[in-house]
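Undergrad: I have a structure here, written as structure tokens, and I will follow up with some questions on it.
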Amino acid sequence: MGAMRRMEAAKGAIISLLLDAYQKRNKIGMIAFRKDKAELILPFTSSVELGEKLLKDLPTGGKTPLADAFIKSYEVFDREIRKNPNIIPIMIVISDFKPNVAVKEDYVKEVFDACEKIAEKGINVILIDTEPQSFIKIGIGREIANRFGFKYYKIEELSKDKILDICKGLEITF
């Protein structure tokens, strides 16, 4: 039940971002974890309505092919930056950061390798950690953030307005 509440809060925040993107005529895209793979379910578009529908229908739970998600995200952003070099790329990753599916062999190394490419490309990254508060922490979200300079937040710390403020702050820095 706690995971469902956390995901609903995250979805609500992202819907607020979608509305903000619509008002500013920004583009959005979406990659989802599906079984053993990450899949581009929404290429960059101005269709906030489509993004909202896909987000509402997006199931939660299951495996976490985190390395594949970071690799696909990098590829999608790289293509978009090549087409539009003046964009301010902002990637928001909502996950428990417990990678458990490898692309080849070592899923943690693959995550770090992909994040290194993302950081080198200058993509702004916000990590939203949905891992529940507990004595034992398994996820690597904070470690990724510290290593690559990404912004990191626990889902419990965030409201819709705070996520919008974080993104607006990134827009101002460029």
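Derivation of every value follows stated rules applied to the coordinates shown; laboratory data play no part. Nothing here was measured: the structure is a model prediction, and the numbers come from that model.
Undergrad: Expressed as a whole percent, how much of the Cα-Cα distance distribution for the range 70-118 exceeds 12 Å?
TA: 68
Undergrad: Quick one: plug the Kirkwood hydrodynamic radius of the range 15-136 (C-alpha pairs) into Stokes-Einstein at 20 °C, 1.002 mPa s, and report D in µm²/s.
TA: 141
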